[in-house]
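Q: Dropping the structure in here first, questions after.
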Amino acid sequence: MHDALNDVTEALYREGKYQDAAMLGRAALTHAKGVFGEAHPETLRSVNNLAMLYQTQGRYGDAEPLVRRALTASERVLGETHPDTLDTRLNQIALLVNQQRLDPALRALRTLDQRLRALVIQELDSTEQEAVKLQRLAAESRLQHVVFTLALAHPDSADAGRLAADVLLRWKRLAADEEAVIARLARTSQDPRALALAQQASSTPWRRRT
């Protein structure tokens, strides 16, 4: 039931039917709380998804407490470096960007950039789990998308432009490592889920731009 609600919500979102998607997003959240409980990862994911839908509609006042709630709980339950927590942190930063709150958005992006870069370097060097590597690299790509969106929205901000340039230069080496991860995965993996992750990572908007 929960997966079905999420699938229909995502389909409505892709069709641009944001009000209908938000209505089902609320239903998915209510269902998740009843089945899994308030602090379950599926419930937190539903909270975060609903916040994203509200952002899409420009309902920033409705989105903000949901993002804050999801982030606080996700850090406590899953940890600061879990992919779901990173997604929620990026959504919080995207909300700051949409609200034209430039200074706190820049501070949050710098902090997350440093944390995520160190994490990706560590896991590219140590872990053999391709899916874990690709999850981190996908988060890195979303981070860059938010950074460049901020720079484009504030062309007169030297700080925003400088951050975008710094992020691009710092991630160049990791982009080469990412190519190696994806190439090796495509060559050796027999797991269709891992291959799907590789295809997703190889078709991210940032990768196409570079």
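The values are calculated or read from the model by the stated rules, or taken from the named source; none is laboratory data. All values reported here derive from a predicted model rather than from experimental measurement. Cβ coordinates were reconstructed from backbone atoms using ideal geometry, including for glycine residues, and neighbour counts include every protein chain displayed. Ligands, DNA and RNA are stripped out before the accessible areas are found, and what is left, the full protein with its side chains, is counted by its heavy atoms. Shrake-Rupley method; radii C 1.70, N 1.55, O 1.52, S 1.80 Å.
Q: Of all residues in region 1-43, how many are under 19 Å from SER74 (Cα atoms) and not in a helix (DSSP H, G or I)?
A: The total comes to 4.
Conditions (1) over 18 Å from ALA4 (Cα atoms); (2) open to solvent by less than 50 Å² (accessible area, probe 1.4 Å); (3) of a type in the set (Asp, Glu); (4) touching a helix residue (DSSP H, G or I) at 6+ places or on another chain (Cβ under 8 Å), marked per residue:
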residue: GLY34; (1), (2), (3), (4): no, no, no, no
residue: GLU64; (1), (2), (3), (4): yes, no, yes, yes
residue: ALA70; (1), (2), (3), (4): yes, yes, no, yes
residue: GLU75; (1), (2), (3), (4): yes, no, yes, yes
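Q: From (1) outside any helix (DSSP H, G or I); (2) in contact with a Ser or Thr (Cβ under 9 Å, 6 or more places away or on another chain); (3) of a type outside the set (Lys, Arg), pick out the condition that doesn't hold for THR81.
A: (2)
Q: When you go through ALA73, ALA11, ALA63, ALA4 one by one, which is the residue that is over 16 Å from the mean Cα position of the chain (by Cα), modelled with pLDDT of 90 or more and of a type outside the set (Ser, Thr, Tyr)?
A: On the way: ALA11 fails: modelled with pLDDT of 90 or more; ALA63 fails: over 16 Å from the mean Cα position of the chain (by Cα); ALA4 fails: modelled with pLDDT of 90 or more.
ALA73 is the lone residue from the list that is over 16 Å from the mean Cα position of the chain (by Cα), modelled with pLDDT of 90 or more and of a type outside the set (Ser, Thr, Tyr).
Q: Looking only at region 77-89, which residues are β-branched (Val, Ile, Thr) and either surrounded by 20 or more Cβ atoms within 10 Å (Cβ to Cβ) or farther than 14 Å from GLU42 by Cβ (or both)?
A: Filtering region 77-89 for residues β-branched (Val, Ile, Thr) gives 77, 81, 85, 88.
Within region 77-89, THR81, THR85, THR88 meet the criteria.
Q: Also, quick follow-up: Within region 1-32, track down each residue that is β-branched (Val, Ile, Thr) and open to solvent by less than 40 Å² (accessible area, probe 1.4 Å). Please lay out each step first, then the result.
A: Within region 1-32, the first condition is being β-branched (Val, Ile, Thr), and the residues that meet it are 8-9, 30.
Within region 1-32, THR9 is the sole residue that qualifies.
Q: Output yes when any residue across region 46-61 is of a type in the set (D, E, K, R), open to solvent by 50 Å² or more (accessible area, probe 1.4 Å), out of contact with any Cys (no Cβ under 9 Å at 6 or more places or on another chain) and assigned to a helix (DSSP H, G or I), and no when none is. Step through it out loud before you land on a result.
A: Applying the first criterion (of a type in the set (D, E, K, R)) to region 46-61 yields 59.
Pick out the ones that are also open to solvent by 50 Å² or more (accessible area, probe 1.4 Å) and you get 59.
From what's left, out of contact with any Cys (no Cβ under 9 Å at 6 or more places or on another chain): 59.
Keeping just the survivors that are assigned to a helix (DSSP H, G or I) gives none.
The answer is no; no qualifying residue exists.
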